[in-house]
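Engineer: One structure, as structure tokens, below. Some questions next.
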Amino acid sequence: MRTHQNWWGVAVAALVVAWPAWAARPYRGGAVATAHPEASEAALRMLDKGGNAVDAAVAAAFTLGVVAPYHSGIGGGGFALVHEAKTGGTRVLDFREVAPAAATRDMYVKDGKVVPGLSTDGVTSVAVPGAVAGYLELLEKHGKLPRAVVLQPAIDAARNGFWVSPKYQAMAAMRRDCLRQDPEATRLFLTKNDKGEPDVPPIGHLVRQPELARTLQTLAKNGPKPFYSGPLAQAMVDTVKAGGGLLSLEDLKAYKTRTHEPLEGSYRGHRILTMPPPSAGGLAVVQVLGALERLRPKGMSYRDPEDLHLYAEAVRRVYVDRVKYLGDPAFVKIPMERLTSSGYIADLAGSIDPKKATPSASLLAPRENAGSTLKNPTDTWYDPASAPEKKNTTHISVIDKDGNAVALTTTVNYGFGSCVVAKGTGVLLNDEMDDFAALPGVPNAYGLVTGEANSIAPGKVPLSSMSPTLVFAKDDPKKVMLVVGSPGGSTIPTTVIQVISHIVDQGMDVTRAVGMGRVHHQYLPDELWVDRWGLEPATQAALEAKGHKLRKQEAWGDAEAVYSDPKTNLRYAASDPRNEGTALGQD
Ligand code: DON
């Protein structure tokens, strides 16, 4: 009996020690995490057919645009980091939307004030879409499978339909008025209520998109050309022009993706590669982690109020830099070398008072009576009452069996983008123009303030928060250990930072790293956001005692991550439990 008990003890102890490896299902082949089961399945199918991480990511991206049109789609744009195991090289593709040639700095301003809704709803908010060029370029340059194979899951999903989920309902409810303005969007994405008005469809309703299936089939057959200079281009321009928008055939013809060097940082011996401008996200990841390493060289204790305070203060300062310096690097000179230098990050860390919160206004004075770009500012997704489902944009993380990796974040911006569908094509157009500073200092849909560097100009890329990121193994700076990214507008960089810190500092398995409660600051509003289950009351009180004003939020973000154990090469994938995604892998 005694011996038995001892054996049980040994077994339990072994389980506890081995916990990180037990907490999620290990896969010996490739693994993927996305925000929708159909997209993860599409990605897995590509891996099973012998495709690589790029084939999987592109299949997922096209599928997500069909089954989660409130997040992303071929009328949007995004960023991707592609890591090739064989060469150890990582490339960045920027296929974000650009402002139409006819766009002007003050196009959303009247009598010195931003006209709410113009940059978020309808044809006036549409920027030149880049997703088709981006997804297909990724495939062409780095994929292995034929285009028709990779697009097939998306084509099938568009033709056969997908069922309305709670998330769909929340997004459609948030954008109901906007969707009702467009007859095509109304027909596709709403159903009639008891009063005969277009409304949020019931759970289980099948959303079929036959026009989109045809469009995707055209792309599978002919590549991106018809989208940028053929009949699809004409249809998009006709729809936008008819409503008084700016998109032209010349804009579409001139659209080009861009390549950049990845932005490099490090955290406790792990090399990090992330998205450079026109994303502000990667810089925030690099600066904040750099500051935390200096402030706590021996590692962070989990959710210690002292650590949380340092984290919040570092983030606050980084978001001030965002306002001051960041915009499209093709248009503004950003002092990147200085902003990422060790001296600068040390100064940033050194400027933090460990005892008390620095009021945001003392770092950079906010604009008086700034208002918002939204028609109804309480519509903002960060309203405390907003449901956790009300989040858009999407991220795909993949590592294949050979260790190639893709981090791809893609979006139509706000829920259902502009709510405009180009007639006869099924293409839902973005409202990415809202990511510009409609008027420097006026918050956008994410409550985000940006500055002069992010003002509107023809052909310019609006500043983004999207932060697809790769973290490498400590003893091998060319071996990917973690692929991570998230939606969440302004909260994207802090979500990515926290997932990385949870793994590197706490040794959490990827499932918990992604699922733990989150804490966020963004300079303005001057509040520390705490998500549901984020912090215990005593911790909250300790932070309040340091002068932080807490805002309790339901939840935000939808982190999608794949972790590859550097020792065993086993893969673990996690899709944020706040949402409806799935992580899958190969045995
Ligand atoms: O590029 C950006 O930063 C935004 N368009 C992303 C939007 C987003 O993540 C929405 N999530 N709530």
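The values are calculated or read from the model by the stated rules, or taken from the named source; none is laboratory data. Computed from a predicted structure; not experimentally measured. When we count neighbours, we look across all protein chains shown, and the Cβ atoms used for this are built from the backbone with ideal geometry, even at glycine.
Engineer: Kindly indicate which of Ala185, Ala170, Ala157 is under 24 Å from Val58 (Cβ atoms), in contact (Cβ under 8 Å) with a residue 60 or more places away in the chain and not in a loop (DSSP other than H, G, I, E, B).
Structural biologist: Within the list Ala185, Ala170, Ala157, the selection yields Ala157.
Engineer: In this structure, does Gly290 turn out to be buried (at least 23 other Cβ atoms within 10 Å of the Cβ) and in contact with a Phe, Trp or Tyr (Cβ under 8 Å, 6 or more places away or on another chain)?
Structural biologist: Details: buried (at least 23 other Cβ atoms within 10 Å of the Cβ): yes; in contact with a Phe, Trp or Tyr (Cβ under 8 Å, 6 or more places away or on another chain): yes.
Answer is yes for this residue.
Engineer: Can you work out which of the residues in region 304-362 that are closer than 30 Å to Pro458 by Cα and among the β-branched types (Val, Ile, Thr) is surrounded by the most Cβ atoms within 10 Å (Cβ to Cβ)?
Structural biologist: This residue is Val318.
Engineer: Consider Val504 carefully, then state whether it is more than 13 Å from Val562 (Cα to Cα), within 12 Å of the ligand (Cβ to nearest atom) and not basic (Lys, Arg). Talk me through it step by step, then tell me what you get.
Structural biologist: Numbers: more than 13 Å from Val562 (Cα to Cα): yes; within 12 Å of the ligand (Cβ to nearest atom): no; not basic (Lys, Arg): yes.
Criteria not met by Val504.
Engineer: Next up: Output the number of residues of region 531-587 satisfying the condition of being within 30 Å of Tyr27 (Cα to Cα) and either among the basic types (Lys, Arg) or not in a loop (DSSP other than H, G, I, E, B) (or both).
Structural biologist: Of the residues in that region, 16 qualify.
Engineer: How about region 181-232: which of its residues are among the basic types (Lys, Arg), under 22 Å from Ser72 (Cβ atoms) and touching a helix residue (DSSP H, G or I) at 6+ places or on another chain (Cβ under 8 Å)?
Structural biologist: Within region 181-232, just Arg208 meets the criteria.
Engineer: Yes or no: region 368-378 includes at least one residue that is assigned to a loop (DSSP other than H, G, I, E, B), at pLDDT 95 or above and either within 10 Å of the ligand (Cβ to nearest atom) or not hydroxyl-bearing (Ser, Thr, Tyr) (or both). Steps first, please.
Structural biologist: Taking region 368-378 first, the residues assigned to a loop (DSSP other than H, G, I, E, B) are 368-376.
Narrowing further to those that are at pLDDT 95 or above: none.
No; the residues of region 368-378 include none that is assigned to a loop (DSSP other than H, G, I, E, B), at pLDDT 95 or above and either within 10 Å of the ligand (Cβ to nearest atom) or not hydroxyl-bearing (Ser, Thr, Tyr) (or both).
Engineer: Can you find, within region 467-501, the residue that is farthest from the ligand (Cβ to nearest atom) among those that are more than 21 Å from Pro443 (Cα to Cα) and in a helix (DSSP H, G or I)?
Structural biologist: Top of the filtered list is Ser501.
The rows are residues; the columns are (1) buried (at least 24 other Cβ atoms within 10 Å of the Cβ); (2) more than 28 Å from Ala33 (Cβ to Cβ); (3) more than 15 Å from the chain's Cα centre (by Cα).
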residue: Ile396; (1), (2), (3): yes, no, no
residue: Ala407; (1), (2), (3): yes, no, no
residue: Thr411; (1), (2), (3): yes, no, no
residue: Asp435; (1), (2), (3): yes, no, no
residue: Val442; (1), (2), (3): no, yes, yes
residue: Asn454; (1), (2), (3): yes, yes, yes
residue: Gly459; (1), (2), (3): no, yes, yes
residue: Leu463; (1), (2), (3): yes, no, no
residue: Thr469; (1), (2), (3): yes, no, no
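Engineer: Could you pull out the residue among Val406, Val442, Val427, Val420 that is out of contact with any His (no Cβ under 7 Å at 6 or more places or on another chain) and within 17 Å of Tyr108 (Cα to Cα)?
Structural biologist: Result of the check over Val406, Val442, Val427, Val420: Val442.
Engineer: May I ask you to list the residues in region 195-230 that are small (Gly, Ala, Ser), under 27 Å from Tyr168 (Cα atoms) and part of a loop (DSSP other than H, G, I, E, B)?
Structural biologist: Across region 195-230, the qualifying residues are Gly196, Gly204.
Engineer: In addition: Name the single residue that is farthest from Pro26 (Cα to Cα) among those in region 395-435 being in a strand (DSSP E or B), within 16 Å of the ligand (Cβ to nearest atom) and touching an Asp or Glu at 6+ places or on another chain (Cβ under 8 Å).
Structural biologist: Top of the filtered list is Thr411.
Engineer: Quick check on region 299-343: of everything there that is over 22 Å from Thr495 (Cβ atoms), small (Gly, Ala, Ser) and not in a helix (DSSP H, G or I), which residue is nearest to the chain's Cα centre (by Cα)?
Structural biologist: Gly327
Engineer: Please enumerate the residues belonging to region 511-524 that are more than 18 Å from the chain's Cα centre (by Cα) and assigned to a helix (DSSP H, G or I).
Structural biologist: Passing the criteria: Thr511, Arg512.
Engineer: Let me ask something additional. When only residues in region 288-313 that are small (Gly, Ala, Ser) and out of contact with any Leu (no Cβ under 6 Å at 6 or more places or on another chain) count, which is farthest from Gly350 (Cα to Cα)?
Structural biologist: Our first condition is that a residue be small (Gly, Ala, Ser); within region 288-313, this holds for 290-291, 299, 301, 312.
Applying the additional criterion that residues be out of contact with any Leu (no Cβ under 6 Å at 6 or more places or on another chain) yields 290, 299, 301.
On the way: Gly290: 12, Gly299: 17, Ser301: 20 Å.
Per the criteria, the residue is Ser301.
Engineer: Would you please name the residue that is modelled with the lowest pLDDT, looking only at residues in region 438-466 that are within 15 Å of the ligand (Cβ to nearest atom), within 23 Å of Ala254 (Cβ to Cβ) and not hydrophobic (A, V, I, L, M, F, W, C)?
Structural biologist: Asn454
Engineer: Among the candidates Arg180, Arg187, single out the residue that is in contact with a strand residue (DSSP E or B) (Cβ under 6 Å, 6 or more places away or on another chain) and surrounded by fewer than 19 Cβ atoms within 10 Å (Cβ to Cβ). Walk me through how you get there before you give the answer.
Structural biologist: On the way: Arg187 fails: in contact with a strand residue (DSSP E or B) (Cβ under 6 Å, 6 or more places away or on another chain).
Residue meeting the stated conditions: Arg180.
Engineer: Another question, if that's okay. Could you tell me which numbered condition Ala545 fails, if it satisfies all but one of (1) within 16 Å of the ligand (Cβ to nearest atom); (2) without any contact (Cβ under 8 Å) to a residue 12 or more places away in the chain?
Structural biologist: (1)
Engineer: Here's something else I'd like to know. Residues to consider are Gly73, Gly112, Gly88, Gly50; find the one that is in contact with a Lys or Arg (Cβ under 6 Å, 6 or more places away or on another chain) and at positive phi.
Structural biologist: Gly88
Engineer: Going through Gly73, Gly51, Gly78 one at a time, which residue ends up being at pLDDT 95 or above and not in a loop (DSSP other than H, G, I, E, B)? Talk me through it step by step, then tell me what you get.
Structural biologist: Details: Gly73 fails: not in a loop (DSSP other than H, G, I, E, B); Gly51 fails: not in a loop (DSSP other than H, G, I, E, B).
The unique qualifying residue is Gly78.
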